[in-house]
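Report on the structure given below.
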Amino acid sequence: MYRNILVPLDGSSFAEHALPHALALARRSGANLLLVTVSTPLAEAYTEGLYFSSTELEEEITARHHRYLHDVAILLRQIHEVPITVAVKHGEVAPVLVKMIEDGEADLVVMATHGRGTLGRFWLGSVADEMIRQSNVPLLLIRPTSDKPNLQVEPPFQSILLALDGSEHAEQILQHAERLVKLNPKAKLILIRAINTALPSLGAVDPPEAPKEANALLKRLEELQDKLRKDALDYLRSVASKIQAHGIETEVDVIVEDQPALAILKEAEMKKVSMIAIETHRRTGISRFLRGSVTEKVLRGSTIPVLVHSSPGA
């Protein structure tokens, strides 16, 4: 189970959309909630001949951060008696959070995909991207809405849609998804694999009027399509059998779609899952890492939480 669940906050209601999910997971797992705000360095300022000490300003901002986090902690404890600690850190946001993780202070991060801090600069959007690239623990990313989060209502947690592509790399998300699904004995994992047959549509040719050679070719293409589906299904069933051995209910499905991200989002909507889980590569250069990737498209298109884990890759 989890020991410490890290929740970065920036003072905005956007960022606070992570709290219902983090609170529910802490209650189910007995984990400590670690609420953190990072105060970025301030420069000394001069206004109309007046000098403002950056030290004094930072002390005031730090005090405001502490008051805010303590108020949030009090509110959460009124809902569920879970252990909560708060911390105000100083420095650049993503490196500070990554350092906390590297020091063993958290084994799961729950955070909104963007925020608009009243206590400091807007930062959660870029931080979420940077955390995906650098964090060695999974991130549960919540897409906030304009409404204030309802802390009294526990988010549904019935199923996790797990996207696989047949590689060992993608399967690294399995252990993290299993860890989450075990928190609810009635929850299940739905394993999907999107395949692109890249073959012509059989409906485009009228077999009775086609030459004999064309009919034979179409039949061969149809056999290849069936084999691709069968191989993908056999793969998913093999993975599912290992998960079932751990006492977890599973479901498998193969989708023919040339855009994997679209397939994931469509299945998530159709099956009304509680969460999507996906493994991604850890590369240098965040713009190169996310732009145009399946992970980025899923994050942009999903209205439900997405569990992301990144591991070293080319």
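Here are some notes:
- Calculated FRET efficiency, SER146 to GLN244, Cβ-Cβ distance, R0 = 41 Å: about 0.50 to the nearest 0.05.
- In terms of the mean number of neighbouring beta-carbon atoms within 10 Å, the peptides 179-188, 14-23 order highest first as 14-23, 179-188.
- Paramagnetic label zone (point 7 Å from Cα along Cα-to-C-beta, GLU251; backbone N under 12 Å) in region 154-190: 158-162, 187-190
- Listed peptides 263-270, 76-83 by packing density, highest first (mean Cβ within 10 Å): 263-270, 76-83
Bear in mind these aren't lab numbers, they're just calculated from the coordinates by the rules spelled out. Keep in mind that this is a model prediction, so the values were computed, not measured. Neighbour counts are summed over all protein chains in view; Cβ atoms, including those assigned to glycine, are modelled from backbone coordinates with ideal geometry.
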